[in-house]
Structure formats: structure tokens, C-alpha cells
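Step one of this worksheet: look at the structure below.
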Amino acid sequence: MATLPSSLFTNATSAPLLGADASGMGGLTPAFSPLYQQIKGLILQSLQSGEWKPGEAIPSEMDLAARFRVSQGTVRKAIDELSAENLVVRRQGKGTFVATHAEQQVQYRFLKLQPDSGNVQSEGPAERTIIDCKRLRASAEVARALSLRSGDPVLQVRRVLAFSGVPTILEDLWLPGTPFKGLTAERLSDYHGPMYALFETEFGVRMVRADETIRAVNPDAEQAQLLHVPVTAPLLSVERVAYTYNDTPMELRRGLYRTDTHHYRNALS
């Protein structure tokens, strides 16, 4: 099998990663990266460009190895990392597929609030009420979180999630205006799947990771009214910035979680 030329491992500014003939695109990963990391970067570029859509199969390890002129073992190691990061899903006997938020096992990836009795699957989907959906200019704080400029257009959404008729989560979301042009309260209300699946299928934005900050708070009067709790109720405040490929921030989300019937659970490994 052909191997990568030794020039790959010289100055990254003077030599392409794998060459246009091998990858069909310019290399962006530094040449000193481990080879499997370079292959992972090229696969990520294809995912980001939409060459393989969410839910679609990616080429086999053998085909990818031929495309990039590396061994199958190198490709396998790259896909192992992508699978561990929930960017692709392996299916026994079927191949490897681009992960999608519409899949059952992915739907709850970013929801860490668990009922005290049972689990999120037995609890069933949340009942969602859209309180507000409006376009406005980004404040300095929102712009900083979304890597925008102050005054850039953003979409702000407020919604309540209820379980068994009990309002449990109050969320405020800010989304960059351009990628989500056309998103309205009606579209949000009419869509019955996970919100991230809506972003993925209708706006081509796939959330691949998120950073969260958690603190204990009391609600203000309006928040308490929407969650049907007193202003003295202990709530969890969860602030999240969600990113698409290339660590591009695509959502700022601030949620208030009731803790009388639910708890926050995160598996660490």
C-alpha cells in the first residue's frame, strides 16, 4: 500500500497535509500531528462540508484508506475517536453512519436532568411551550459567547419544558441570526422532535459538543411564575454554549431546572 510522502512531516506551511489528489481538499491540520489525527481532520472536513449528511453512511474503512493512501488501521483509529465523540455511529454489520440528533441514543446526549423516579426514556418526551421567539441585536455578552459582534442579529427563544404536566425547565436561547434565518415560534411549536434535530435537518447546523456552567439560584418573579414555584425555590442554573464543527459556537442557552422532582446527572469517564 502506498504511504504518505516524507515531505508531509516537514514544515507545515510549505507542504500540504495529504495533497489534493489524495483528499480532494487542502489540508488544515499541522503536519506534525499523528497520522490518524490528520485523517480524522480530513473526515471532519467532509462532515462539515456536508459531503455525508446526518444519518448517511460514510465510506468504508477500506475506501477511506484508499482515498487517503493510508492503512485501514490508521483510518480505524480516526473513526474510533469520531465515534467516541458521538460524531459517527458504528452499526454492526452495516457500517459507520454520521450521527444525528434524531436518533434515540443521541437525543438525550445534552440533557442531563434526570427524574428522581425512572429515567428520561420512561418519563417520555417533554411537553414544550414556546413563550417567545424574536429577533434582536446581540448584546455584548451574547455576542462574546457566540463569537459575534455587538449589534449583530440574533434570535432569542424562551420556552418551558414540562413533564407529566409539571413545568420543569425554563430555557432562554440565543442563536446567530444568519444560520437560523426563517426560524419562527410556529416552526418550533410544530416540530415534535428534539430541537437540535430541527436545527440539523432544516438549517444544516449540527451541534457536536457543548460547555456548561452550573450554579444554584433562586428564580425571579417571572421565572417563578412560569415554573409554578415560589421565588424561594432552589433551582439549578445551567448555562450552555453549544458548538458545531470547528468549534464554532452556534447557541447560548440558559436553563433553570426544578430540583424537587429531578436531579442533574453526568457520567464522567
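Mind giving me the nanometre distance, one decimal, between the label points for S150 and I130, set 7 Å out from Cα along Cα→Cβ?
The modelled label-to-label distance comes out at 3.1 nm.
Fewest Cβ neighbours within 10 Å first, please rank K134, K53 accordingly.
Starting with the residue having the fewest Cβ neighbours, the order is K134, K53.
Excluding residues fewer than 8 places away in the same chain, name every one of the lysines whose C-alpha is closer than 22 Å to that of K77.
Within the straight-line limit of under 22 Å, K77 reaches these lysines: K40, K53, K94.
List R253, R215, R206 from most exposed to least, where exposure is judged by having the fewest other Cβ atoms within 10 Å.
R215, R253, R206
One-quarter of the Cα convex hull surface for segment 104-264, in nm²?
Values: hull surface 36.8 nm².
Averaging across all directions leaves 9.2 nm² for the Cα convex hull.
Going by C-beta contacts inside 10 Å, put D220, D80 in order with the fewest on the left.
D220, D80
All of the numbers you see were taken from the coordinates with simple rules; none came from a lab. Note that the structure is a prediction, hence the values are computed from the model and not measured. In this analysis, Cβ positions are derived from the backbone assuming ideal geometry, glycine residues included, and neighbour counts consider all displayed protein chains.
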